[in-house]
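Trainee: One structure is given below, represented as structure tokens, and several questions about it will come after.
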Amino acid sequence: MSKFLKLEAVPANISVAKDLEIEPDEPVIKLERIRYSEDRPWAWVTSYLRLDVGERLLGENLTRASVYEILEEKHGIKLHFT
């Protein structure tokens with residue numbers, strides 16, 4: 001289970017831009033959430049998504065569904081993990 005804290009567009013800092021292969025200050029979606037296990041918080045997670053992917057989460061109810069499920073099933077974005 002997750003509690004969503006923030007979902008907003010922000011300018012990419014140099015590190016995020018490099019890792020996402022975009023230009024610094026280009027907009028990205030910043031997602032902050034607290035992850036729970038057995039009703040106890042265990043991690044504060046911050047994710048940065050490229051704008052073309054992350055903007056699809058704006059307006060979604062992220063407390064009821066997985067971010068990955070929304071992107072794959074609702075928007076047809078195939079995610080690959082390494």
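Throughout, read-outs are computed from the coordinates displayed, never taken from laboratory work. Remember, predicted model here, so these are calculated numbers, not experimental data. As a convention, Cβ positions derive from the backbone with ideal geometry for all residues, glycine included, and neighbour counts pool all protein chains shown.
Trainee: Less than 12 Å apart at the alpha-carbon level, and either on another chain or at least 8 residues along: which aspartates and glutamates does that give for Lys78?
Mentor: Straight-distance partners of Lys78: Glu69.
Trainee: Just report the Cα centroid separation between the stretch 51-82 and the stretch 4-27, whole Å.
Mentor: 17 Å
Trainee: Would you please classify the overall shape of the stretch 17-57 from the alpha carbon gyration tensor, given that a ≥ b ≥ c denote the square roots of the eigenvalues, rounded means a/c under 1.5, and beyond that prolate means a/b larger than b/c while oblate covers the rest?
Mentor: Because a/c hits 1.5 or more and a/b exceeds b/c, the stretch 17-57 counts as prolate.
Trainee: Can you give the log10 of the normalised intensity I(q)/I(0) at q = 0.12, 0.18 Å⁻¹, computed with Debye over equal Cα scatterers of the chain?
Mentor: Ignoring solvent entirely, the Cα scatterers give -0.37, -0.82.
Trainee: At 0.36 nm per residue, and after removing the present C-alpha to C-alpha distance, how many nm does the segment from Tyr68 to Val53 gain when stretched out fully?
Mentor: Contour length minus Cα-Cα distance gives 4.3 nm.
Trainee: Show me the chymotrypsin sites (Phe, Trp or Tyr not before Pro) within the chain that DSSP assigns to loop and that have at most 16 other Cβ atoms within 10 Å of their Cβ.
Mentor: Phe81
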